[in-house]
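As structure tokens, the structure follows; a few thoughts come after it.
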Amino acid sequence: MLKKIVTLAMAAMMAVALVACGNTAAKPTATPEPVDLAAFAEKYVSEQLMPPLLDTNEDMGKQILDTSYAGLSDLDLEQCLPYVSMMSINNTEMVLVQTKNADDVAKVKEIFQARIDNMLNGGTFYPETIEIWQNNAEIVEKGNYVALVVSTDKDAIVEAFNGLFA
């Protein structure tokens, strides 16, 4: 008789434990909303005199992207918005990217750093442009989102970019 009571008590405890575990697993996890990089960029393209969005569907736009950001068009990206001038005298530039997987974030950052290094080591010959690339270029990463901002107002743009994920 005692064996039956102990067995029933243990079965009841296991049932309660299973129900409790099931309830915690049933809670939905919140997934962050995707960030609309084009909407973010709209403000800075007009206010900061950023170059227009480079049309990478055209041959010239794709060639400029491939020359300025070698390897970027080879990646499978969710969003890629290059605001790149077609002239080497540009003093502002912004490229906003959302990768489809976390592994590509490091690759995008390497590509962005190669662009900065190129501009500082002969990619431009104008002293003002070199100074801007030297003092006002920053790569920012938030999860699968990566931005390169080159602007005398980069601190405000970077702060706003980071604010998208708060």
- Which of the residues belonging to segment 151-166 are in contact (Cβ under 8 Å) with a residue 40 or more places away in the chain, buried (at least 16 other Cβ atoms within 10 Å of the Cβ) and in a helix (DSSP H, G or I)? Ile157, Phe161
- Message: Whether any residue in segment 141-150 is in a loop (DSSP other than H, G, I, E, B) and in contact with a strand residue (DSSP E or B) (Cβ under 6 Å, 6 or more places away or on another chain) is what I want to check.
- Response: yes
- Item | From the options Ala114, Ala102, residue that is hydrophobic (A, V, I, L, M, F, W, C), out of contact with any strand residue (DSSP E or B) (no Cβ under 7 Å at 6 or more places or on another chain) and over 15 Å from Leu77 (Cα atoms) | Ala114
- Message: Would you confirm whether or not segment 114-132 contains a residue that is assigned to a helix (DSSP H, G or I), in contact with a Cys (Cβ under 9 Å, 6 or more places away or on another chain) and at pLDDT below 95?
- Response: no
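One line per residue, one yes/no per condition, for (1) within 14 Å of the chain's Cα centre (by Cα); (2) modelled with pLDDT under 80; (3) farther than 18 Å from Ile139 by Cα; (4) part of a strand (DSSP E or B):
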residue: Lys4; (1), (2), (3), (4): no, yes, yes, no
residue: Ala17; (1), (2), (3), (4): no, yes, yes, no
residue: Ala30; (1), (2), (3), (4): no, yes, yes, no
residue: Leu49; (1), (2), (3), (4): no, yes, yes, no
residue: Lys62; (1), (2), (3), (4): no, no, yes, no
residue: Val95; (1), (2), (3), (4): yes, no, no, yes
residue: Glu110; (1), (2), (3), (4): yes, no, no, no
- Considering each of Lys43, Lys107, Lys62, Lys142 in turn, give the residue that is touching a helix residue (DSSP H, G or I) at 6+ places or on another chain (Cβ under 9 Å), open to solvent by 70 Å² or more (accessible area, probe 1.4 Å), of a type in the set (Lys, Arg) and more than 27 Å from Phe165 (Cβ to Cβ). Lys62
- Of residues in segment 65-75 being touching a residue at least 24 places away in the same chain (Cβ under 8 Å) and not in a loop (DSSP other than H, G, I, E, B), the one most open to solvent (accessible area, probe 1.4 Å): Ser68
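The values are calculated or read from the model by the stated rules, or taken from the named source; none is laboratory data. Quick caveat: nothing in here was measured; it's all calculated off a predicted structure. Every residue, glycine among them, receives a Cβ derived from its backbone with ideal geometry; neighbour counts consider all protein chains shown. These area figures cover heavy atoms from the full protein model, side chains too; ligands, DNA and RNA do not enter into them. Shrake-Rupley method; radii C 1.70, N 1.55, O 1.52, S 1.80 Å.
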